[in-house]
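The block underneath contains the structure these notes are about, expressed in structure tokens.
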Amino acid sequence: MSQIKDIKLAPSGADKIAWVASYMPILNSVKADFEKNKPFAGKRIAMSIHLEAKTAYLAKVLRAGGAEVFVTGCNPLSTQDDVAAALVAEGFEVNARHGVTEAEYNEHLKATLSCCPDLMIDDGGDLISLLHGECREYGKNLIGGCEETTTGIHRLFARERAGLLDYTMIDVNDADCKHLFDNRYGTGQSTLDGIMNSTNLILAGKTVVIAGYGWCGKGVAMRAKGMGAVVIVTEIDPVKAIEAVMDGFTVMPMDDAAKRGDLFITLTGCSDVITRKHLEVMKDGVLLANSGHFDVEINKKDLEALATEVWERKPNIRGYRMADGRILNLLADGRLVNLAAGNGHPAEIMDMSFGIQAKSLEYLAKNGKDLAKKVYAVPASIDRAVAEIKLASGGISIDHLTDAQKAYLGKVE
């Protein structure tokens, strides 16, 4: 039994899904192949993923491959209720609503896992955590799964290192056709979209502090610079810090950047990036946004403890008045600003990521029972196939090695 807000919202969600499908040639190609070959016939797939139009279309593609698909969200604020309703109207079981409590969110995860899936897609590691804990009995049929995001991959590798990973998982996040495009160009655009749509403020001339210079941080820094911002990067990795310097950005500790920034964006996947000591020295009117998976990068407890007044200034913006009169503005409750206050990554970008997801699940369906209980990289053949479809959809052709060149590259001197 699905748990959604209102089935009457389905027509709006169906329009959104139809719109993105027309800009997702990779998934359209995969869907045609799946309809023909039915790689998931007789299998159940559980999905915990940001529930909006692009992910809904992925669910439809997987069902075209013969699967029974069960869908939930992976963040209490990223679910779009009309999209959830549209899936239910098409016969999917969906357990997700926008703005649920943590307890309700966990119940939706458990309800989705109760189908005892053969395959799964996780985004952030919540499903895999439940399968190793109170929902262990729901993993009895699980061949394996895919993890979508950096935070979830960190959690998986931690389990593997500790010898506590009981299932086969594929690291979709680090596939070339995922992190080089989704993390960089998708996060770069959608994060700033969410911030600007919420604030209606200009970026040019502002000092923007980017916490973390991984692929997501690189993308946001590049876009902010291109829109006229002065960009400061904070990092813990000396190699990434040097890279930021050579990319033309100023690098400094958060302790120093806190005094200078107008807009702060955290993208580290770690906790307590911005804490009390930083909040105490920030300018009046600063904007605080997070684009990491969990709402732990900006310490909200510290923010609340310092505030003498807290109020909703406008949708997705909460004001915190400090004792000295300064106002600090938290966007999207410190959750993923690009999804909680926006529409997420562009369809053309998610087409690549979800092409990797769909083909990786197909790989698991065929080979998963012969794989060890560890984290695997996406096979290079899947990365190449997705890239080739993407190029062909844009009418782009590339060179290919001749037999003589192949022999040259393969010979031993």
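The values are calculated or read from the model by the stated rules, or taken from the named source; none is laboratory data. Bear in mind that the values here come from a model prediction, so they are computed numbers and not experimental data. So basically every Cβ, Gly included, is an ideal-geometry build from the backbone, and we count neighbours across all protein chains shown. Calculation scope for accessible area: heavy atoms of the full protein, side chains included, ligands and nucleic acids excluded. Shrake-Rupley method; radii C 1.70, N 1.55, O 1.52, S 1.80 Å.
Overall, the chain carries a charge dipole of about 200 debye about its Cα centre when +1 sits on the Cβ of Lys and Arg and -1 on the Cβ of Asp and Glu, all other atoms neutral. Mean residue ellipticity at 222 nm, helices only, the chain: -12500 deg cm²/dmol; runs of at least 4 DSSP H residues each add -39,500 (n - 2.57), and the sum is divided by the number of residues. Output the pairs from LYS178/LYS277; LYS301/LYS373; LYS16/LYS178; LYS16/LYS110 with a Cα-Cα distance over 29 Å in this structure; if there are none, say none. Violating the 29 Å Cα-Cα cut-off are LYS178/LYS277; LYS301/LYS373. Across the range 133-140, coupling constants 3J(HN,Hα) worked out from phi with the 6.51/-1.76/1.60 Karplus curve, θ = phi - 60°, read x, 6, 10, 4, 5, 7, x, 5 Hz, and Gly and Pro carry x.
Among SER29, SER291, what's the order by accessible area (1.4 angstrom probe), most exposed first?
SER29, SER291
Here the chain carries DSSP beta bridges of which approximately 20% are antiparallel, counting only pairs with both residues inside.
Here the Karplus curve 6.51 cos²θ - 1.76 cosθ + 1.60, taken at θ = phi - 60°, turns the phi angles of the range 181-196 into couplings of 10, 4, 5, 7, 7, x, 5, x, 7, 5, 4, 5, 4, x, 5, 6 Hz, with x standing for Gly and Pro. Annotation: per residue accessible area for the chain equals 43 Å², rounded to a whole number [probe 1.4 Å, protein chains only]. For the residues TYR185, TYR57, a 1.4 Å probe over the protein chains yields an accessible-area ranking, largest first, of TYR185, TYR57. Taking the accessible area of the chain, probe 1.4 Å, and keeping the other protein chains in place, the carbon and sulfur fraction comes to 52%.
What residues qualify as long-range amide H neighbours of VAL251, i.e. H under 5 Å apart, gap of 5 or more or another chain, H built at 1.01 Å from N? Here VAL233 satisfy the definition. Under the criterion of Cα pairs below 8 Å and six or more residues apart, the relative contact order for the range 135-223 equals 28 percent.
The 3J(HN,Hα) values that the Karplus relation (6.51, -1.76, 1.60; θ = phi - 60°) gives for the range 242-252 are, in residue order, 4, 4, 4, 4, 6, 7, x, 9, 7, 10, 7 Hz. Gly and Pro appear as x.
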